[in-house]
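Enquirer: Below are the structure tokens for one structure; questions will follow.
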Amino acid sequence: MTDASYQKCINPNCGAEFDCGQAMFKCPSCGELLDIRYNWDEIYVPSKMSEFAKRWATRDNPLDFSGVWRFRELLNYCEDENKVTIGEGQTILQQNDAVAEYVDMETGCLFLQYEGLNPSGSFKDNGMTAAFSHAKMVGATSSACASTGNTSASVALYAHSCGIKCTVFIGSGRIAFGKLSQAMDYGAQTIQILGDFDDCMRQVQDVCTKLGLYLLNSLNPFRLEGQKAIMYRIIEGLGWEVPDWIIVPGGNLGNSSAFGKAFSELKQLGLIDHVPRMAIINATGADTLTDLVNNKKLTWNDGHVDQAIIDNYYADLTARNFSPHTCASAIEISRPVNLKKCLRAIDICDGVVRAVTDEEILDAKALIGKHGLGCEPASAATIAGLKHLRAEGLIDADQRVACVLTGHALKDPDRTVNYHKDKQGKLSNPPIEASNDLDEILKLIK
Ligand code: F0G
């Protein structure tokens, strides 16, 4: 544990503080979310972000190789000896002019931050390297998470790389096979609950409290510290410049929360001169954030969030027995645990929220697949959302936009195969059947 870091409740009426040697994930005094805070005056932080580039020269040190720990001064809560890394964060920022054309943006303005290149194939590894380092620091031996799939894959991978046991909770029939296969293959105890992600999230918190397991969902503030690094790498990919817009899918709202915190800290430290705007994209079948922000006018309000609006909204979901449904199973969540931190991020980044349909998501996914690196449906919500924001004129054609592609295309092969085979969208590319005959085959080839 470092002296310069501590945990602090985000509720301004509480503000309780705790050292980082404890694992609790919610404020024991008031039940609100916790933040990791730093006494920056006591920490050496490079004077320019470009200083971090020096670590490329010493990447035979696993901490310098890691795309998270390369920036370790900015998430400084743990000694090096406890840090767990398996080479996460070797991801790229791809300028993509073909996708830019689809969303009516100018050449050279659209960038895809491809997090599918992580060891478990999604952005989650940025968070798990940070959370498992804390787990080791506090001596945890057993861990758990609820998941729409990617968290479970990442938890399973990291747990076994550092000798911690893990149990993952998934909603029955709610998880893409690529992800389920990973959790089983990496040796996680997998518990399928007859319910959705929100049910799993409730259960896992009780299980962790009762059995003293280390919780790895994005309620865990140490996880979010690692996810800040995705933003550092976007800045790095742009030659240490800040884009005009960040676009991110919204599920449990850990990423958007972490990104807002990253920019607020960088600005405070004088490492960037302005904060980019942020767009968070829901699927229409799981659009709690969109509804609360755009229709119910819920805001951060300096931390004094109107809890009654949230309580009424959730009571209505319960009364209607509502369960979210979208092809983007990763973001099929109706009670996002990081809602309040996300509202803070919207405040920091002058953020906007939009929802896109499954049809729009699947077309955008096929387009990215054809012209980019491929991604899973939730990731493609960013491009579908950007298309909306361009049509509205909120984002200009010559602004620099970075979309976070959160997960690999192979995470959810069924969606991809069905889209093409069953001709579900504009970009369907179905296989052509041919008899086992050379002349016929030759005629088919264009
Ligand atoms: N994209 C992908 C591929 C995801 O797996 C998730 C979340 C999100 C976006 C949403 O991110 O929660 O930070 O807003 N997946 C979680 C899971 C919930 O269990 O794997 P968020």
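This table checks each residue for (1) in a helix (DSSP H, G or I); (2) buried (at least 24 other Cβ atoms within 10 Å of the Cβ); (3) more than 11 Å from the ligand (Cβ to nearest atom).
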{"site": "347", "(1), (2), (3)": "yes, no, yes"}
{"site": "362", "(1), (2), (3)": "yes, yes, yes"}
{"site": "365", "(1), (2), (3)": "yes, yes, yes"}
{"site": "369", "(1), (2), (3)": "yes, no, yes"}
{"site": "378", "(1), (2), (3)": "yes, yes, no"}
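Enquirer: If you check 43, 36, which single one turns out to be at pLDDT 95 or above and surrounded by 12 or more Cβ atoms within 10 Å (Cβ to Cβ)? Even if it seems obvious, please write down each step before you answer.
Expert: On the way: 43 fails: at pLDDT 95 or above.
On inspection, the qualifying residue turns out to be 36.
Enquirer: Name every residue in region 334-345 that is of a type outside the set (A, V, I, L, M, F, W, C) and not in a helix (DSSP H, G or I), in order of residue number.
Expert: 334, 335, 336, 338, listed by residue number.
Enquirer: Let me ask something additional. Select from region 387-428 the residues that are of a type in the set (A, V, I, L, M, F, W, C) and under 16 Å from residue 99 (Cβ atoms) and list them in ascending order.
Expert: Passing the criteria: 389, 391, 395, 397, 401, 402, 403, 404, 405, 409, 427.
Enquirer: Further question on the same structure: Quick one: which of 202, 223 is outside any loop (DSSP other than H, G, I, E, B) and within 13 Å of the ligand (Cβ to nearest atom)?
Expert: Working: 202 fails: within 13 Å of the ligand (Cβ to nearest atom).
Going through 202, 223 in turn, just one is outside any loop (DSSP other than H, G, I, E, B) and within 13 Å of the ligand (Cβ to nearest atom): 223.
Enquirer: Within region 260-283, can you find the residues that are within 16 Å of the ligand (Cβ to nearest atom) and in contact with a Pro (Cβ under 9 Å, 6 or more places away or on another chain)?
Expert: First, pick out the residues of region 260-283 that are within 16 Å of the ligand (Cβ to nearest atom): 260-263, 278-283.
Result: 263, 280, 281, 282, 283.
Enquirer: Also: Kindly provide the set of residues from region 241-256 that are more than 13 Å from the ligand (Cβ to nearest atom), in contact with a Pro (Cβ under 7 Å, 6 or more places away or on another chain) and part of a loop (DSSP other than H, G, I, E, B), ordered by number.
Expert: 242, 243, 244 - these are the residues of region 241-256 that are more than 13 Å from the ligand (Cβ to nearest atom), in contact with a Pro (Cβ under 7 Å, 6 or more places away or on another chain) and part of a loop (DSSP other than H, G, I, E, B).
Enquirer: Run down 18, 25 and say which single residue is hydrophobic (A, V, I, L, M, F, W, C), under 18 Å from residue 341 (Cβ atoms), without any contact (Cβ under 8 Å) to a residue 60 or more places away in the chain and in contact with a strand residue (DSSP E or B) (Cβ under 8 Å, 6 or more places away or on another chain).
Expert: The match here is 18.
Enquirer: Exactly one condition in (1) acidic (Asp, Glu); (2) more than 21 Å from residue 387 (Cβ to Cβ); (3) within 16 Å of the ligand (Cβ to nearest atom) is false for residue 291; which is it?
Expert: With respect to (1) acidic (Asp, Glu); (2) more than 21 Å from residue 387 (Cβ to Cβ); (3) within 16 Å of the ligand (Cβ to nearest atom), residue 291 is out only on (2).
Enquirer: Another question, then. Using beta carbons and a limit of 8 Å, which pairs, at least six apart or on different chains, have the first residue in region 367-378 and under 11 Å from residue 96 (Cα atoms) and the second one of a type in the set (Phe, Trp, Tyr) and within 15 Å of the ligand (Cβ to nearest atom)?
Expert: Taking only residues 6 or more apart or on different chains, the pairs are 372/114; 373/114.
Enquirer: Could you pull out the residue among 13, 76 that is part of a loop (DSSP other than H, G, I, E, B) and more than 23 Å from the chain's Cα centre (by Cα)?
Expert: On the way: 76 fails: more than 23 Å from the chain's Cα centre (by Cα).
None of the other options fit; the residue is 13.
Enquirer: Here's something else I'd like to know. If the Cβ limit is 6 Å and pairs must be 6+ apart or interchain, which residue in region 195-206 that is over 14 Å from residue 318 (Cα atoms) and among the β-branched types (Val, Ile, Thr) pairs with which residue that is at pLDDT 95 or above and not in a helix (DSSP H, G or I)?
Expert: 204/144; 204/146; 204/169
Enquirer: I want to confirm something. Restricting to region 302-322 and keeping residues that are touching a helix residue (DSSP H, G or I) at 6+ places or on another chain (Cβ under 8 Å) and of a type outside the set (A, V, I, L, M, F, W, C), which single residue is nearest to residue 8 (Cα to Cα)?
Expert: Residue satisfying both the conditions and the ranking: 303.
Enquirer: Would a scan of region 421-437 turn up a residue that is of a type in the set (Ser, Thr, Tyr), in a helix (DSSP H, G or I) and over 27 Å from residue 241 (Cβ atoms)? Let's see the steps before the verdict.
Expert: Residues of region 421-437 of a type in the set (Ser, Thr, Tyr): 428, 435.
Checking which are in a helix (DSSP H, G or I) leaves us with none.
Checking region 421-437: not a single residue is of a type in the set (Ser, Thr, Tyr), in a helix (DSSP H, G or I) and over 27 Å from residue 241 (Cβ atoms).
Enquirer: Sticking with this one: Sort out which residues of region 164-199 are surrounded by 15 or more Cβ atoms within 10 Å (Cβ to Cβ), of a type outside the set (A, V, I, L, M) and assigned to a loop (DSSP other than H, G, I, E, B), and write them in order of number.
Expert: Across region 164-199, the qualifying residues are 174, 186, 195, 196.
Enquirer: Something else now. So how many residues does region 257-293 have that are open to solvent by 10 Å² or more (accessible area, probe 1.4 Å) and not in a helix (DSSP H, G or I)? Write out each step before concluding.
Expert: Pass one, region 257-293, residues open to solvent by 10 Å² or more (accessible area, probe 1.4 Å): 261, 264-265, 267-275, 277, 284-285, 287, 290-291, 293.
Okay, now just the ones that are also not in a helix (DSSP H, G or I), so 269-275, 277, 284-285, 287.
Going through region 257-293 one residue at a time, the tally reaches 11.
The values are calculated or read from the model by the stated rules, or taken from the named source; none is laboratory data. Everything numeric in this text was worked out from a predicted model, so none of it was measured. Cβ atoms come from the backbone with ideal geometry, glycine included; neighbour counts cover every protein chain shown. Just the protein is used for accessible areas: all its heavy atoms, side chains included, with ligands, DNA and RNA removed. Shrake-Rupley method; radii C 1.70, N 1.55, O 1.52, S 1.80 Å.
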